[in-house]
Amino acid sequence: IAPEWVAQHRGEVHVLDVRAAAELDGELGHLAEAQLIPLDELRERVAEVATDKPVVVVCQTGRRSALATAILEKAGVTRIANLAGGMVTWRDLGLPS
C-alpha cells in the first residue's frame, strides 16, 4: 500500500511494525502508536495483532513486512497490506511519523 495513503488514513488502520525493537529508535524512527512484534516472534504472537481495523505492516524496506503479511494471511487475517518501501520510503517522502 502506498505510504501517502497510509499517512492520510492513519486513524483508519492498525500499524504493525515487524522490525527489531532496537530499530524503532534508530535513524528511521517509527510510526506513532505502531504495535511492535518483531518478525521472528510473529508466528507465536499473531493473536496479539489487533484486527478491528485493516492492518498495515511496516519494516525498514518492505521485505520483512512482506513476509509478515504472508504469515498473517496464513493465520486468517484478511484485511492486511504491506507498506510499500517501508520506513526508508516513508522518511524519503518526508511523511510525519
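The values are calculated or read from the model by the stated rules, or taken from the named source; none is laboratory data. Being a predicted model, the structure only gives us computed values, none of them experimental. A quick note on method: Cβ atoms are made from the backbone with ideal geometry, for glycine too, and the neighbour counts reach across all protein chains shown. To get the accessible areas, we keep the full protein, side chains included, count just its heavy atoms, and leave off ligands, DNA and RNA. Shrake-Rupley method; radii C 1.70, N 1.55, O 1.52, S 1.80 Å.
At a glance:
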| quantity | calculated |
| --- | --- |
| Residue among 89, 51 that is open to solvent by 30 Å² or more (accessible area, probe 1.4 Å), among the hydroxyl-bearing types (Ser, Thr, Tyr) and at pLDDT 95 or above | 89 |
| Pairs with Cβ under 7 Å, 6+ apart, first in segment 18-33 and more than 14 Å from residue 86 (Cα to Cα) and among the aliphatic types (A, V, I, L, M), second assigned to a loop (DSSP other than H, G, I, E, B) and open to solvent by 30 Å² or more (accessible area, probe 1.4 Å) | 32/97 |
| Search result, residues across segment 1-22 that are of a type outside the set (A, V, I, L, M), out of contact with any Ser or Thr (no Cβ under 8 Å at 6 or more places or on another chain) and open to solvent by less than 50 Å² (accessible area, probe 1.4 Å) | 9, 17, 19 |
| Subset of segment 54-75 that is open to solvent by 50 Å² or more (accessible area, probe 1.4 Å) and over 12 Å from the mean Cα position of the chain (by Cα) - its residue that is nearest to residue 24 (Cα to Cα) | 70 |
| When residues of segment 1-17 are limited to those that are touching a residue at least 40 places away in the same chain (Cβ under 8 Å) and among the charged types (D, E, K, R), the one nearest to residue 69 (Cα to Cα) | 17 |
| Meets criteria (within 13 Å of residue 13 (Cβ to Cβ) and open to solvent by 30 Å² or more (accessible area, probe 1.4 Å)) for residue 79 | yes |
